[in-house]
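Worksheet: the structure to be examined is printed underneath.
Since every read-out is calculated from the coordinates, none of them should be taken as a lab result. None of the values given here were measured: they were computed from a predicted structure. Methodologically, a virtual Cβ is constructed for each residue, glycine included, from the backbone with ideal geometry; neighbour enumeration extends over all protein chains shown.
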Amino acid sequence: MKSPFKIIKAKGKQDAVDVFIFGDIGASWWDESAVEAAKFVKDLQTVDAETINVRINSYGGSVSDGIAIYNALRRHPATVNTHVEGVAISIASLIAMAGETMTMAENALLMIHGPAAMAAGNATTMREMADILDKYAQAMAPSYAQKTGKPGSEMLALLTDGTDHWYTAAEARAAGFADEVSAPIKIAAQFSLDRYRSVPAAAAAFSRSSDMDAMSNPAATVIPPAQPEPQAALPLVAPQPATAPALVVVPTNGRTREQNEEIRAAFAPFMARDGIRAVYDTVLLDPAITVEAARAQLLTALGKDSTPANPAAHRVEMGVSERDKFIEAATDSIMVRAGVASKEVVAKIGQNPYRGHKLLDLARASLERINFNTRGLGQMDIVASGFTQSTSDFPVVLENTMNKTLQAAYATAPDTWSRFCAVGSVSDFRAHNRYRLGSLGNMLSVNELGEFKNKAIPDAEKASIAAATKGFIINLSRQMVVNDDLGAFVGMSADMGRAARRTIEVDVYAVLAGNSGAGPTMTDTGILFNSTVITTAGGHANRAAYAAPTVLLIDAARQAMASQKDVSQNDYLDLRPVIWLGPLSLGGTMRVINAAQYDPDTANKLNRPNMVANMFRDIVDTPRITWNGWYVFADPSIAPVIEVVFLDGNQQPEVRSEDGFDVDGARMRVRLDYGVGVIDYRGGYASVGS
């Protein structure tokens with residue numbers, strides 16, 4: 001059988017490579033372009049990189065092949081991150097769980113259900129097949145449980161209730177299957193779910209028919225031929241549509257991910273034409289080919305052997321409207337002039353027809369594009385018309401520029417909260433509960449009569465957290481446009497981005513500063529950090545009186561944290577501190593304590609080994625702690641103390657523009673929906689006090 005895999009590797013070790021699983025899992029019922037475990041695992045072993053990004057768009061397939069691929073990714077020494085860029089359905093959803101982080105495009109879908117098979121024979125054969133399916137479900141459940149942190153029994157229920165469980169990206173993140181939600185990918189929106197009988201409306205809304213269906217779903221229904229004689233059970237594989245290429249490993253050193261997506265989007269409508277697939281494969285596997293060169297090769301291939309009746313009147317468009325081209329070019333022009341454009345934008349500015357244009361010139365160009373006559377208008381009138389004409393794209397250009405500048409500033413603004421807080425998602429602005437479950441404890445002895453005793457089911461602790469909206473409006477005046485005041489315009493955008501991230505930082509430390517640095521009062525009536533014994537109501541036993549950190553005090557914090565028990569007080573959690581947080585004045589001392597080979601608190605002649613050496617992976621010192629106090633935290637992904645939640649998992653602020661009726665220009669509104677709250681005390685310890 002011809003191998004469907006294509007691998008390209010540069011010399012030496014790569015920082016990161018992309019592995020594409022864009023096809024069936026296991027041998028396909030349609031063609032040979034499927035991802036089979038034997039070939040996948042063999043080729044994966046040849047990948048030598050620091051990071052592997054597995055990009056998935058698959059309807060699923062063979063359960064056994066999927067489990068083997070999942071285990072191969074988990075075993076690989078590289079950091080494996082998975083990305084669902086279209087759909088991850090059936091066993092493909094299990095492969096998505098293999099990533100240390102799993103990211104879904106905002107318009108992607110995840111579907112989890114139990115394994116299925118076809119069998120023919122008598123009742124005994126059918127029962128045997130049912131037992132086999134249950135065994136496969138039991139084998140798959142721990143992988144979902146490990147990713148979500150939920151009980152294996154809960155995941156097993158998803159695989160045995162006979163229901164297709166669909167998740168949008170936001171829902172998958174809220175359920176713990178996904179770690180991050182990325183911006184929507186154009187190609188990810190082009191898939192068909194017609195082959196499934198029970199697709200919920202929320203999931204069906206993400207699907208739309210397009211030419212891409214010719215690639216992703218060539219056959220929606222397959223009827224197996226009738227079998228005259230009873231047969232043994234068929235392999236555990238549901239009929240799945242095929243895509244190609246099945247596995248492509250591409251070093252990311254040449255092109256960026258966004259550039260690869262541009263190439264895929266350009267080729268997608270023409271994949272059914274002869275010769276286009278070969279050109280696409282050649283382009284994708286050569287990172288030296290630019291997006292412009294790839295489009296040129298596509299045009300050449302499309303024009304081969306064709307003779308238009310009127311060549312001068314024919315023009316091939318690449319799926320981007322003239323309006324979109326204007327907005328992009330005008331935005332790039334502003335950002336280059338303001339000195340905030342990326343290297344890629346700067347490199348292609350020479351071909352930009354609006355390079356060097358002032359804001360006034362762009363306002364005039366936006367009006368001329370809609371055949372609005374600007375002859376005889378003064379500068380202020382041109383700008384006013386650019387804002388107020390309903391079909392003018394000038395406000396869109398300004399909004400687009402501000403959004404890009406804001407997002408860049410937000411992404412690069414320094415913060416410390418993300419180093420010791422957990423990050424979560426909520427679906428609305430109501431209070432959302434966070435439960436900490438109790439345990440059943442040890443098993444009880446059975447007396448000589450064989451009598452078993454009842455075990456009480458423990459209550460769970462509860463904390464709640466809610467998101468709220470924060471933002472502000474700024475006014476963009478006509479005078480700023482006429483004066484071409486890029487410093488004020490772009491500078492305000494960057495300030496808005498930095499302000500959004502800084503606001504989260506301020507709110508986190510405001511929570512921590514409560515009760516003189518001991519934190520807020522929790523639902524159990526106890527302050528977050530207190531020295532009261534656990535057996536007393538509200539007692540947390542996670543605080544000591546303030547003193548500058550020493551080896552002995554750090555070790556005492558370690559012991560106190562490791563001695564914390566679960567909600568039912570049945571067993572030790574054995575948590576370990578990995579993050580130190582404190583004021584700037586103590587940061588240097590802590591770095592010495594953490595890095596010293598010998599105890600820095602003892603006389604040098606004793607050479608006593610430092611018993612807390614290298615305990616902390618991160619030392620966070622900040623001027624925001626102005627009180628007497630320092631803290632240690634466990635890994636927030638294991639035992640979170642403070643959580644920052646974002647509405648629908650969207651961590652980025654957004655800008656919206658509207659015409660200004662009470663101002664002489666336009667108004668720009670920036671907002672961010674998030675909340676901060678304390679959800680547990682066991683993962684932290686504090687030395688605070690007067």
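So how do Leu302, Leu406 line up by other beta-carbon neighbours within 10 Å, fewest first?
Ranking Leu302, Leu406 by Cβ neighbours within 10 Å, fewest first, gives Leu302, Leu406.
If each of Glu451 and Arg502 carries a label point 7 Å out from its Cα toward its Cβ, how far apart are those two points in nm?
Each label point lies 7 Å from its Cα, and together they span 7.1 nm.
Report the gain in length on full extension from Leu584 to Ala537: 0.36 nm times residue separation, minus Cα-Cα distance, nm rounded to one decimal.
Length gained, Leu584 through Ala537: 13.4 nm.
Cα-Cα over 20 Å: which of Lys42/Lys135; Lys39/Lys147; Lys325/Lys358; Lys325/Lys404; Lys147/Lys462; Lys147/Lys470?
Lys42/Lys135; Lys39/Lys147; Lys147/Lys462; Lys147/Lys470
Would you mind estimating how fast the stretch 16-132 diffuses translationally, via Stokes-Einstein at 37 °C and 0.692 mPa s with the Kirkwood radius over Cα pairs, in µm²/s?
Roughly 221 µm²/s, to the nearest whole number.
Using Cα-only point scatterers and the Debye equation, what is log10 of I(q)/I(0) for the stretch 86-136 at each q in 0.17, 0.20 Å⁻¹, rounded to two decimals?
Evaluating at q = 0.17, 0.20 Å⁻¹ gives log10 I(q)/I(0) of -0.63, -0.74.
If you take all C-alpha pairs in the stretch 322-408, what percent of them are over 16 Å apart?
Looking at the stretch 322-408, the distances longer than 16 Å represent 50 percent of pairs.
How far apart, in nanometres, would the label points at Tyr598 and Lys565 be if each is projected 7 angstrom from Cα along the Cα-to-Cβ direction?
Placing both labels 7 Å along Cα→Cβ, they lie 4.2 nm apart.
If I take every Cα pair under 8 Å that is 6 or more residues apart in the stretch 322-408, average their sequence separation and divide by the length, what percent do I get for the relative contact order?
For the stretch 322-408, the relative contact order is 31 percent.
Residue by residue, what Karplus-based ³J(HN,Hα) values in Hz, rounded to whole numbers, does the stretch 261-275 have, using 6.51, -1.76 and 1.60 with θ = phi - 60° and x for Gly and Pro?
Whole-Hz 3J(HN,Hα) from phi for the stretch 261-275: 5, 4, 5, 4, 5, 5, 7, 3, x, 10, 5, 6, 6, 4, x.
Could you give the distance between the Cα centres of the stretch 498-523 and the stretch 124-176, to the whole Å?
Distance between centres, Cα-based: 39 Å.
Taking only Cα atoms of the stretch 470-578, what ratio of Rg to Rh do you get with Rh as the Kirkwood inverse-distance radius?
1.28
How long is the gain from Gln652 to Arg667 if the chain were fully straight, where each residue apart is worth 0.36 nm and the alpha carbon distance is subtracted?
3.4 nm
Within a 10 angstrom radius of the beta carbon, how do His432, His113 rank from fewest other beta carbons to most?
Sorted ascending by nearby Cβ count, the order is His432, His113.
With r defined as the distance between the Cβ atoms of Ser321 and Ser390 and R0 fixed at 25 Å, what FRET efficiency is calculated, to the nearest 0.05?
With R0 = 25 Å, the Cβ-Cβ based efficiency is 0.90.
Restricting things to alpha carbons, tell me how big the stretch 533-690 is in terms of Rg and Dmax, in Å.
21.2, 77
Testing the spin-label approximation: label points 7 Å from Cα along Cα→Cβ at Gln45 and Glu368. State their distance in nm.
For the pair Gln45/Glu368, the computed spacing is 6.4 nm.
Using the Karplus curve 6.51 cos²θ - 1.76 cosθ + 1.60 with θ = phi - 60°, work out ³J(HN,Hα) for each residue of the stretch 323-337 in order, rounded to whole Hz, and write x for Gly and Pro.
Whole-Hz 3J(HN,Hα) from phi for the stretch 323-337: 5, 4, 5, 5, 4, 5, 5, 5, 4, 4, 4, 5, 5, 5, 5.
Quick check: net charge around Gly26, other residues with Cβ under 10 Å of its Cβ, Lys/Arg +1 and Asp/Glu -1?
Summing Lys/Arg as +1 and Asp/Glu as -1 gives -3.
Run through every distinct alpha carbon pair of the stretch 531-593 and return the Kirkwood hydrodynamic radius in angstroms, one decimal place.
Taking every pair of different Cα atoms in the stretch 531-593, averaging 1/r and inverting gives 13.2 Å.
Assuming R0 = 41 Å, can you tell me the calculated FRET efficiency for the pair Glu292 and Asn433, based on Cβ-Cβ distance, to the nearest 0.05?
My answer for the efficiency is 0.20.
What is the gain in length, in nm to one decimal, between Ala139 and Met380 on full extension, counting 0.36 nm per residue of separation less the C-alpha to C-alpha distance?
Fully extending the segment from Ala139 to Met380 adds 79.8 nm.
How big is the dipole moment of the stretch 322-408 about its Cα centre under a simple scheme where the beta carbon of each Lys and Arg is +1, that of each Asp and Glu is -1, and everything else is neutral? Debye, nearest 20, please.
For the stretch 322-408, the charge dipole is close to 240 debye.
Using the 10 angstrom Cβ neighbour count as an exposure proxy, how do Thr51, Thr82 rank, fewest first?
Thr51, Thr82
Enumerate the amide H contacts of Glu654 below 5 Å, restricted to partners 5 or more residues apart or on another chain; note that Pro and chain-start residues carry no placed amide H.
Distant-sequence amide H within range of Glu654: Arg671.
Per residue of the stretch 512-522, in order, report the coupling 6.51 cos²θ - 1.76 cosθ + 1.60 (Karplus, θ = phi - 60°) as ³J(HN,Hα) in whole Hz, putting x for Gly and Pro.
5, 6, x, 6, 6, x, 8, x, x, 7, 8
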